[in-house]
Amino acid sequence: MLRACLRGANATARTNLRGTRPNNLQQCRHYTAGESSGGAAKVVVAGLLTVGGGVGGTIIYAKWDHKFRAAVEKNVPYSDRLLGLAWGPLPQDGRPSVQKQVEVAQPPSMMEKQMKASKSKSEKKAKETTESPAAESAPVPPVQSLEEECTECHHHDDSAAPVAESPVTEPLKERPVEEVSARLAKQDQEEQDVIAAVSVSLEESLASSAKSTLQAIGAQEAALQAVIRHTLKLKEAMEAEAPPQEKSAQWKDLETSLAERNSAVNDAAAALTKANVALDSLKSVIDESKGLKVSAVRPVVLAAEENLHNMVVDLDKAVTKVQTAESEAKIVSQYSELVNEAKLQFQKEVSSLTPEIQANWKSLTGKLSPDDLNALIAHAHRRIDQLNRELAEQRVREQIHIDAALEQQKLEDQKALEKAVSTSLQHVKEEARLEQERKLTELREVMEAEMRTQLRRQAAAHTDHVQDVLKVQEAELRSEADQVLGSKLLEQETRYRQLSQEQLDNFTLDMNSAYARLKGMEEAIDSHVIAEEEARKAHQLWLSVEALSYTLKTADTNAPSVPLEVAAQAVRDNCSDNDFALALSSAFPQESLQRGVYSEASLRARFNSLRSLARRVALIDESHNSLYQYFLSYLQAALLFENKHEAPPTQLSSEDLDPFKLLSYASYCLEHGDLELAAKLVNQLRGEARRVVEDWLTEARLTLETRQVINLLSAYANAVGLGTTQAP
Amino acid sequence: MSEKELGKKWDRCLADGAIKFGTGLGLGIVLSVLFFKRHTWPISFGSGAGLGMAYANCQNDLRSHYMLHRSEKEQ
């Protein structure tokens, strides 16, 4: 742009005057300079802005995205320092730590849950098992002992459950049989004692109460009889019209009977109280014995209770009978009292009317004057009137009196009824309770029998199982023993066989050795013949190999040797039976057989001419092969100087692979007659140099191969010859 | 003899170069005289073109061993 501007300026200057030239130039220069300076500033500013924006953007994004930050720090050197300055070090384990915390928090909570679940389970189990023993209140002795054990175990379990997480099992150990039976016997013994004691006490109290009750009943009966007699006699005395002597006798009888009655009644009362006391004591004893937990006592207790009940019932009956009789007697006595009263009154009246009769001794004769009689009659009439009036009055008041009497009777009846009802209710209740108790004992007996059968069944099952296990064990042991026996037998047999085999082997060994010796002798004789034959053959082979090696020497400089075909064929003929020699003789390369091989000297000469060419194309290979590269390669060859001959090291390093070095090593080897090493070194050339020396290399290979084969053959022939020629 | 190959190539190169240069020069002279009013540039153009072609040919020939032909590539 600047040049274009200058050219334009020159052109205009040529057309314009010469004077204006410097100004224009100057203007142009200023113009262009200003333009260029303004443009440059803009560019610089824009560049700075982009760079700053890019850096800031990367820094801000690195704060947000950690992976991006890590990539930037890896790829851009010193960016980690910058980013560290801006945002602090790269957080390595920010997120994973949070996750780990969450995970760590979870397992403890899970473990706690598990613990709680197991705890609640064990508690539930404990509760269930503690409830069950309480439900089984039927205290059969063996069951009871087990239950006691269970409760003990469960107490232990409840204490141990929070500590261990193992499942709650009832550690029921099977106690030895003797211990169990001893325990059972002891328990039975105890029970027997208790039963005996209780029964004894019960019997005593029963006996005493029975006695007293009987006494009471007897007394009551006696009292009853006395009362009845008394009432009868009273009735008789009231109603009968007997002569006065009998009357007085009757009254005396009556009095005695009354006295008897009173005494009998008192006796009865006393006996009743005694009987009540005895019955109360019996009841207390029964209650005591009920408090004991032994079940066998129950029927006895029950019987005692029944007896008590019966006694109470009989006593009550007797008492009621006596009471009814007494009430009757009361009525009769009241009646008799009334009658006595009336009689007294009558006598009073009579005496009041006829006082003289009383005072008069005449009355003793029983003859009364007509006045007295009239007075008596009048009195009697008056009395009759009075009584009629009273009767009329009484008839009128009859109803009221009857009602009152009925009321009274009703009240009394009601009282008696209530009393009777209450007593009968009590009796019925008592009977019902006794019935219930009886039924309970029956049921308990039935349950016990069932339990016994179940236990018997379990015992039978256990014995069966034990039998089965024993059978199985027997079978196992038998099979084991059989196995052992079989193995021992086998051992013995094998040992016997081994020994016999050894004997046989020894015998055959001896036989074989003798036979072998014989054979050896025969073979030695034969081999002598063979050996002579071999020696002849070996000589021939050796001669042919020598001829072959001589053909090699026919090579001139720059001309190959004669074809080796003929000599090789001769060798093959002479070693027709020997595989090794045959293989070797057929291992000749075709070229050498047809055309012949070059000698070492010719190869050496050729190499020397090749060397300069290889030097000249040293830089040329697949990638560098333009004409310019050729020019450079030629220049290098002209300017580079290296040793003509240099001894190659034992190990080639990478810097020895330079073509110039290789060529000097190879020429050194050739000078010292080591064609093989020279060929190896030349083989390391690459690129165009390699292409150039390719033919030489193949020729060298041919020569080397042929020489190797011939050497082997001659070595072989020598060896064979040496082998066959033996010292006599 | 592989060592003689390079020499042969160079001979070919030179011969080819000489021919092309000469032909280019001749053609240039002819064109310059006939169509371009005896300017020198067709002459230099022709000889340059000839030399260039010779250079390219020589380079190609020397490279030929390293280049894969289409037929070989397909194989």
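The values are calculated or read from the model by the stated rules, or taken from the named source; none is laboratory data. Here the structure is a predicted model, which means the values were calculated and not measured. Virtual Cβ from ideal backbone geometry, glycine too; neighbours counted across all protein chains shown. For accessibility, only protein heavy atoms count, side chains too; no ligands or nucleic acids. Shrake-Rupley method; radii C 1.70, N 1.55, O 1.52, S 1.80 Å.
Points to keep in mind about this one:
- In the stretch A:689-728, the residues that are open to solvent by 70 Å² or more (accessible area, probe 1.4 Å) and either in a helix (DSSP H, G or I) or within 14 Å of another protein chain (Cβ to nearest Cβ) (or both): A:ARG701, A:GLU705, A:ARG707, A:GLN708, A:ASN711, A:LEU712, A:ASN718, A:LEU722
- So A:ALA614, is it over 22 Å from A:HIS672 (Cα atoms) and at pLDDT 90 or above: no
- Residue within the stretch A:538-558 that is part of a helix (DSSP H, G or I) and over 30 Å from A:VAL597 (Cβ atoms) present: no
- Number of the condition not met by A:LYS211 [criteria: (1) touching a Ser or Thr at 6+ places or on another chain (Cβ under 8 Å); (2) modelled with pLDDT of 85 or more; (3) not β-branched (Val, Ile, Thr)]: (1)
- Given (1) over 22 Å from A:LYS274 (Cβ atoms); (2) crowded, with 18+ Cβ neighbours inside 10 Å, number of the condition A:LEU224 does not satisfy: (1)
- Which listed residue, of B:SER71, B:SER32, is in a helix (DSSP H, G or I), in contact with a helix residue (DSSP H, G or I) (Cβ under 8 Å, 6 or more places away or on another chain) and more than 14 Å from chain A (Cβ to nearest Cβ): B:SER32
- When A:SER561 is tested against (1) among the polar types (S, T, N, Q); (2) part of a helix (DSSP H, G or I); (3) touching a Gly at 6+ places or on another chain (Cβ under 6 Å), just one condition goes unmet, and that condition is (2).
- Filtered by the rule that a residue be of a type in the set (Asp, Glu) and within 22 Å of A:ALA719 (Cβ to Cβ), the stretch A:487-539 gives A:GLU532, A:GLU533, A:GLU534.
- Some residue of the stretch A:253-264 being within 13 Å of A:LEU315 (Cα to Cα) and either modelled with pLDDT under 85 or of a type in the set (A, V, I, L, M, F, W, C) (or both): no
- Number of the condition not met by A:MET447 [criteria: (1) more than 30 Å from A:ASN307 (Cα to Cα); (2) within 60 Å of the chain's Cα centre (by Cα)]: (1)
- If you go through the stretch A:659-688 and keep only what is at the interface with chain B (Cβ under 10 Å from one of its Cβ atoms) and either touching a strand residue (DSSP E or B) at 6+ places or on another chain (Cβ under 6 Å) or buried (at least 21 other Cβ atoms within 10 Å of the Cβ) (or both), you end up with just A:GLU688.
- Top-ranked residue of the stretch B:40-68 - restricted to ones that are hydrophobic (A, V, I, L, M, F, W, C) and in a loop (DSSP other than H, G, I, E, B), ranked as farthest from the other protein chains (Cβ to nearest Cβ): B:LEU68
- Residue within the stretch A:591-599 that is under 23 Å from A:ASP674 (Cβ atoms) and within 14 Å of another protein chain (Cβ to nearest Cβ) present: yes
- Given (1) at pLDDT 85 or above; (2) surrounded by 14 or more Cβ atoms within 10 Å (Cβ to Cβ); (3) within 14 Å of chain B (Cβ to nearest Cβ), index of the condition A:ASN608 fails: (2)
- Residue within the stretch B:50-69 that is basic (Lys, Arg) and farther than 20 Å from A:ALA689 by Cβ present: no
- Selection status of A:LEU619, open to solvent by 50 Å² or more (accessible area, probe 1.4 Å) and either hydrophobic (A, V, I, L, M, F, W, C) or under 30 Å from A:SER633 (Cβ atoms) (or both): yes
To keep it simple, each residue is scored yes or no on (1) farther than 30 Å from A:GLN323 by Cβ; (2) among the β-branched types (Val, Ile, Thr); (3) open to solvent by less than 100 Å² (accessible area, probe 1.4 Å).
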| residue | (1), (2), (3) |
| --- | --- |
| A:ALA404 | no, no, yes |
| A:GLN408 | no, no, no |
| A:SER424 | no, no, yes |
| A:MET447 | yes, no, no |
| A:ALA460 | yes, no, yes |
| A:HIS465 | yes, no, no |
| A:LEU489 | yes, no, no |
| A:GLU493 | yes, no, yes |
| A:ASP505 | yes, no, yes |
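- Counting the residues of the stretch B:7-29 that are within 14 Å of chain A (Cβ to nearest Cβ) and either open to solvent by 60 Å² or more (accessible area, probe 1.4 Å) or of a type outside the set (A, V, I, L, M, F, W, C) (or both) gives 8.
- Any hit, the stretch A:627-634, residues being more than 22 Å from B:GLU3 (Cβ to Cβ), polar (S, T, N, Q) and within 14 Å of another protein chain (Cβ to nearest Cβ): no
- Filter result for the condition that a residue is facing another protein chain (nearest Cβ under 10 Å), over 18 Å from the mean Cα position of the chain (by Cα) and either of a type in the set (D, E, K, R) or assigned to a helix (DSSP H, G or I) (or both), over B:LYS37, B:LYS4: B:LYS4
- With respect to the stated conditions, A:PHE641 fails to be at pLDDT below 90, aromatic (Phe, Trp, Tyr) and open to solvent by 40 Å² or more (accessible area, probe 1.4 Å).
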